[in-house]
Amino acid sequence: MTVLLIGGTGILGTAMRATSPQGVTVTAPGHAGLDVTDASAVEAAVAASRPTWILNAAAYTAVDAAESHEADAMRLNADAPAHIGAAARRHGARVLHVSTDYVFGGVGTRPWREDDPVAPLSVYGRTKLEGERRLQASGAEAVIVRTAWLYGETGKSFPRTMWERATQGLASRVVADQHGAPTNARDLAQWCWALVARDARGVVHASNAGQCTWADVAERVYAAAGKPGLVTRVTSEEYLVPAPRPRYSVLDGTRLESLLGAPRRAWEPALDEFLADLKRRSAA
Ligand SMILES: NC(=O)c1ccc[n+]([C@@H]2O[C@H](COP(=O)([O-])OP(=O)(O)OC[C@H]3O[C@@H](n4cnc5c(N)ncnc54)[C@H](OP(=O)(O)O)[C@@H]3O)[C@@H](O)[C@H]2O)c1
């Protein structure tokens, strides 16, 4: 099976490359090799590589910057999935596209299911939702994987920032009234490969299991760094950022688990494994 991986240098893309199963040939041209916002470049790349699957891990992920760069976010988060869908449809490729928990509005009391009503609060969330819709409208065979609070061995992520601050002995004020679940990119990558192997369609929610707040994550990171007590729990009103975030964006993993035939790891051991890796690397 041949796969065209777009966004192969990002947090998820790196994990996808690291976990690609045997028998799968992955072509990952990188941003310089393929600008996914360029429809004719996408068409040419798909025509040349004739992939069985196109995996789209590219996105405009700077949630706060998107508030003042809506056109850029729209090009990458909404136009690009449409280009991918059109090329996939023309060449008979299937698409795995990644989306976000931020398509939800955040007033919820139970984990969001795939068919729950969406109501994005931010430019990032709105552009990602538009991308889902445009891909679906393209008529391509597609699975849309909504994930949340992603971190991994490359790139900028909340656990990594907290780790860096903790190891420097810096205190952090962290929001304690937004509920979600962090996701280890390696777990997500393996689920994505499993969804490809199972030829999944539709929308699938995919985060590590359980739920917590950003402050819970930060406290676990600081404890792992041997620096407990440096996290102050604050409210969203006390920590103002440009983009509004949902108060509740826990994703229901029932569909994913039934497709996988196995439970997901809880967020705590998944985060602990990542932190142990960081610790090993900083000791080396
Ligand atoms: N990070 C999170 O917390 C989070 C949460 C929920 C959902 N998600 C979703 O998960 C998916 C993966 O996110 P991520 O955090 O792994 O993203 P990321 O680390 O920000 O990586 C984005 C990737 O897209 C590439 N890219 C950017 N512009 C491009 C263009 N015009 N053409 C081709 N490639 C381009 C980047 O390459 P360069 O760096 O070379 O530009 C990079 O490889 C995205 O769909 C995102 O919306 C992420």
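The values are calculated or read from the model by the stated rules, or taken from the named source; none is laboratory data. Everything numeric in this text was worked out from a predicted model, so none of it was measured. Heads up, the Cβs are rebuilt from the backbone with ideal geometry, glycines too, and the neighbour counts pull from every protein chain shown. Ligands, DNA and RNA are excluded from the accessible area calculation, which covers all protein heavy atoms including side chains. Shrake-Rupley method; radii C 1.70, N 1.55, O 1.52, S 1.80 Å.
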(request) Six or more apart or on different chains, Cβ under 8 Å: which pairs go from a residue in segment 10-26 that's under 18 Å from GLY152 (Cβ atoms) to one that's hydroxyl-bearing (Ser, Thr, Tyr) and within 11 Å of the ligand (Cβ to nearest atom)? Could you list them? (result) GLY10/THR61; GLY10/THR154; ILE11/TYR151; ILE11/THR154; ILE11/SER157; LEU12/THR147; THR14/THR154
(request) For segment 92-113, name all the residues that are modelled with pLDDT of 95 or more, open to solvent by 40 Å² or more (accessible area, probe 1.4 Å) and of a type outside the set (Lys, Arg). (result) GLY92, PRO111
(message) Cβ-Cβ distance below 7 Å, separation of 6 or more or different chains: which pairs start in segment 196-209 with a residue that is at negative phi and free of Cβ contacts under 8 Å to residues at least 12 places away in the same chain and end on one that is part of a strand (DSSP E or B) and surrounded by 22 or more Cβ atoms within 10 Å (Cβ to Cβ)?
(response) none
(request) Would you mention how many residues in segment 126-143 are touching a helix residue (DSSP H, G or I) at 6+ places or on another chain (Cβ under 6 Å) and either more than 10 Å from the ligand (Cβ to nearest atom) or aromatic (Phe, Trp, Tyr) (or both)? (result) 9
(message) For a quick check of your reading: which helices (runs of 4 or more DSSP H) sit entirely within segment 208-284 and have at least 3 residues that are open to solvent by 60 Å² or more (accessible area, probe 1.4 Å) and closer than 23 Å to ARG110 by Cα?
(response) 254-260
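Of all residues in segment 227-247, which are touching a Phe, Trp or Tyr at 6+ places or on another chain (Cβ under 8 Å) and not aliphatic (A, V, I, L, M)?
PRO228, GLY229, ARG245, PRO246
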(request) Being open to solvent by less than 10 Å² (accessible area, probe 1.4 Å), farther than 17 Å from GLY10 by Cα and either basic (Lys, Arg) or part of a helix (DSSP H, G or I) (or both) is the filter here, so list the residues in segment 143-192 that pass it. (result) ALA166
(message) Anything in segment 230-266 that is among the polar types (S, T, N, Q) and within 30 Å of VAL196 (Cβ to Cβ)? List them, or say none.
(response) SER249, THR254, SER258
(request) Give segment 118-142 a look and list any residue that's farther than 16 Å from TYR60 by Cβ and crowded, with 23+ Cβ neighbours inside 10 Å, or say none. (result) ALA140, ALA142
